[in-house]
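The values are calculated or read from the model by the stated rules, or taken from the named source; none is laboratory data. Quick caveat, the model's predicted, so the values are computed rather than measured. With ideal geometry, Cβ positions are generated from the backbone for all residues, glycine too; neighbour counts draw on all protein chains shown. These accessible areas exclude ligands, DNA and RNA; they are computed on the full protein's heavy atoms, side chains included. Shrake-Rupley method; radii C 1.70, N 1.55, O 1.52, S 1.80 Å.
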Amino acid sequence: MKNKAISYPYVGWMGLFVVAPILIITLYAFTTDDGGFTLSNFQDMAQYTSAFGRSFLLAAIATVVCLLIGYPLAYLLARESGWLHRMANMLIMLPMWMNFLLRTYSWKFLLERHGLINTLLGLFGLGPFQMIDTQGAIVLGMVYNFLPYMVLPIFSVIEKIDPKVIEAAQDLGADSITVFRRVILPLSLPGVLSGITMVFIPSVSTFAISRLLGGSKTLLLGNLIDMQFLGSAYNPHLGSAISLVMMVIVMVCMAVMNHFGDGEEGVTL
């Protein structure tokens, strides 16, 4: 009974700040301004199909880039020790100690037509290049802000791999590539799946990065939802419908990744 009592504050917190908002969004998504039931909010989403596709495409690209950069970095960190290990961890975490908007504004200053990067390139007779207000700038902002969420889960999993398992594989005649492919990679897949989830979800729903680095030329789901609740195109019912559909799609993606992650903890020699 005492153990159940300890969980009551947590259950109340989840009910108030997680379940209740979802129920409110669901109610708004299926109703009109006068409270009547309708499916027209979902039908109106058809005009924003391109925003859905663009959001998931850019989020997928950012996730792949984070994985290509984050996995080797996490692997190298897990194999290092001493001051280099601590220094690298600090450098990865350091940007996260600053405000999210401040980090994004910094990239805006760097990528502007008369920003620092174009100014430096101008010294060599290059540019100026149009880097700001592009989809590439949005992906760059996503990678920069969410890369630690890819590195840290993979790093924590690889670091816990028992060195005796690697030594056993080497004793059986496996070279370095085989050890990585047959031992380290399968054992690190839970961290990879966690990293993919932690990067993809905030990337597909971001609106600050796309607004600051993409300008008005690139409309993503986060910006679209923001417009429905706070912008000139005020329509909380349509915004709720878009939010609900996006949440369902994200949950399906998570379920698929978790399905492929089942049973990957084993090692095949």
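Within the range 214-259, the set of residues being over 28 Å from residue 140 (Cα atoms) and either small (Gly, Ala, Ser) or modelled with pLDDT under 85 (or both) comprises 232, 233, 240, 241, 259. Here the condition is being within 22 Å of the chain's Cα centre (by Cα), at pLDDT 90 or above and either over 23 Å from residue 57 (Cβ atoms) or acidic (Asp, Glu) (or both); of 132, 117, 154, 138, it holds for 154 alone. Check whether at least one residue in the range 181-190 is in contact with a Pro (Cβ under 7 Å, 6 or more places away or on another chain) and on the phi < 0 side of the Ramachandran plot, and report yes or no. Within the range 181-190 (the criterion being in contact with a Pro (Cβ under 7 Å, 6 or more places away or on another chain) and on the phi < 0 side of the Ramachandran plot), the answer is no, since none of the residues qualifies.
Helices (runs of 4 or more DSSP H) fully within the range 1-102 that include at least 2 residues being among the polar types (S, T, N, Q) and under 22 Å from the mean Cα position of the chain (by Cα): 49-79. Is there a residue in the range 119-132 that is closer than 25 Å to residue 74 by Cα, out of contact with any Pro (no Cβ under 9 Å at 6 or more places or on another chain) and open to solvent by less than 40 Å² (accessible area, probe 1.4 Å)? No. Entry remark, the range 67-92: residues being aliphatic (A, V, I, L, M), open to solvent by less than 70 Å² (accessible area, probe 1.4 Å) and modelled with pLDDT under 90 number 4 in total.
Against the condition buried (at least 17 other Cβ atoms within 10 Å of the Cβ), out of contact with any Ser or Thr (no Cβ under 6 Å at 6 or more places or on another chain), over 30 Å from residue 166 (Cβ atoms) and hydrophobic (A, V, I, L, M, F, W, C), how does residue 52 come out, does it pass? Against the criterion (buried (at least 17 other Cβ atoms within 10 Å of the Cβ), out of contact with any Ser or Thr (no Cβ under 6 Å at 6 or more places or on another chain), over 30 Å from residue 166 (Cβ atoms) and hydrophobic (A, V, I, L, M, F, W, C)), residue 52 qualifies.
Pairs linking a residue in the range 93-110 that is open to solvent by less than 80 Å² (accessible area, probe 1.4 Å) to a residue that is of a type in the set (Val, Ile, Thr), with Cβ atoms under 7 Å and 6 or more positions apart or on different chains, are 104/209; 108/132; 110/117. None of 71, 75 is among the hydroxyl-bearing types (Ser, Thr, Tyr), out of contact with any Leu (no Cβ under 8 Å at 6 or more places or on another chain), closer than 27 Å to residue 250 by Cβ and in contact (Cβ under 8 Å) with a residue 24 or more places away in the chain except 71.
Quick one: in the range 25-37, which of the residues that are more than 11 Å from residue 241 (Cα to Cα) and touching a residue at least 40 places away in the same chain (Cβ under 8 Å) is most open to solvent (accessible area, probe 1.4 Å)? Step by step, filter the range 25-37, then rank; the result is 33. Of all residue pairs spaced 6 or more apart or on separate chains, those with beta-carbon atoms under 6 Å, a first member in the range 117-132 that is without any contact (Cβ under 8 Å) to a residue 12 or more places away in the chain and a second member that is in a helix (DSSP H, G or I) are 127/118; 127/121.
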